[in-house]
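The values are calculated or read from the model by the stated rules, or taken from the named source; none is laboratory data. Note that this is a predicted model, so its numbers are computed, not measured. All Cβ positions, glycine included, derive from the backbone under ideal geometry; neighbour counts span all protein chains shown. Side chains are part of the model used for accessible areas, which takes the heavy atoms of the whole protein and leaves out ligands, DNA and RNA. Shrake-Rupley method; radii C 1.70, N 1.55, O 1.52, S 1.80 Å.
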Amino acid sequence: MATFIETGHAKNVANFEQLTSFIAGLGAPYNPSKASLKLTAMKTLLANSKTMVGAVNASLPANKNAISAREAAFKPLNTLIARVSNAVNAIDVSEQVNESVKSLTRKIQGRRATAKKTDEELKALAAEGKATKNVSSSQMSYDSRLDSFDKLIKQLASIKEYAPNEPELKIASLTTLYNDLNAKNSAVVTSQVTLSNARIARNDVMYKPNTGLVDVALDSKSYIKSAFGPTSPQNKQISKLEFKSIPN
């Protein structure tokens, strides 16, 4: 589903509230047979829509704050991991272990093991019958970075020679950092689920076919146009009120 500007939902609700006010002013002559178009039902739908829009609005700050906190927490990670890699370089470990650490470091930082081939190089290889393509080695999603960070910590823990004097490079400190980053990532996921559920509930109340706010509003406008006539002052009152469905 395409993103729908949040203010668009509020505008639908505001216009629906105006519509119900106009209908209240029409009095007894407004007498549709369809239950959902009766004023009492429309007022209930208006109240529910306001509640659902409010729930989404309440969930947005928590989601944005969680995202900002995660971004700030992850920002220093690449520099710290580079220091860890250099610390491993400075001790006596096998080439295989050193390369394993470097590989995990690259994954955390989103760097490639080899330089990306240029378009000219790819064309030259293709001309030689060695068709190839650049395969992205970047794994920059927060989940992937956390997974690689966890693997790195476990790799470091298996290296008995890894015993840095710098507090922030010690296994315990890295583990504490990992737990903090993991918690902040989980907070984003939780806030996104809460926001998503709030949007689903709002969309169900406002945009469900036949019973949603938009369809009820459009049906009500059609009834007024039919009951009072297209050129009637009653129809002119509500004709300019717009109700937009969410994009597909």
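In order along segment 22-35, phi translates into HN-Hα couplings of 5, 5, 4, x, 6, x, 4, x, 7, 9, x, 7, 6, 4 Hz, rounded to whole numbers, per the Karplus curve 6.51 cos²θ - 1.76 cosθ + 1.60 with θ = phi - 60° and x for Gly and Pro. Amide hydrogen proximity for Gly110: with H placed 1.01 Å from N in the peptide plane, the residues at 5 or more positions away or on another chain lying under 5 Å are Gln139. For segment 157-247, the dipole from Cβ point charges (+1 on Lys and Arg, -1 on Asp and Glu) about the Cα centre works out to 620 debye, to the nearest 20.
How much length is gained on full extension from Ile67 to Thr231, taking 0.36 nm per residue of separation minus their Cα-Cα distance? Each step should come with its number before you reach the end.
Details: separation 164, 0.36 × 164 = 59.04 nm, distance 5.22 nm.
The Ile67-Thr231 span can extend by a further 53.8 nm.
Quick one: go through segment 60-90 and flag any residue whose amide nitrogen is under 14 Å from the point 7 Å out along the Cα-to-Cβ line of Glu166. Answer for this model: 76-90.
Computed with every protein chain present, the accessible area of Asp215 is close to 50 Å² [probe 1.4 Å].
In the structure shown, do any of Lys34/Lys236; Lys160/Lys184; Lys11/Lys75 have a Cα-Cα gap over 28 Å, and if so which? Can you show the working numbers first?
Values: Lys34/Lys236 22 Å; Lys160/Lys184 30 Å; Lys11/Lys75 38 Å.
Violating the 28 Å limit, Cα to Cα: Lys160/Lys184; Lys11/Lys75.
With the simple model of a label 7 Å out from the Cα in the direction of the Cβ, Lys102 to Lys154 spans 2.3 nm. Here the spin labels are modelled as points 7 Å beyond Cα on the Cα-Cβ line, and at Thr176 and Ile91 they lie 1.9 nm apart.
How large is the convex hull of the Cα atoms of segment 1-102 per residue, expressed in Å³ as a whole number?
Values: hull volume 15.3 nm³, N = 102.
In segment 1-102, the Cα hull volume divided by residue count equals 150 Å³.
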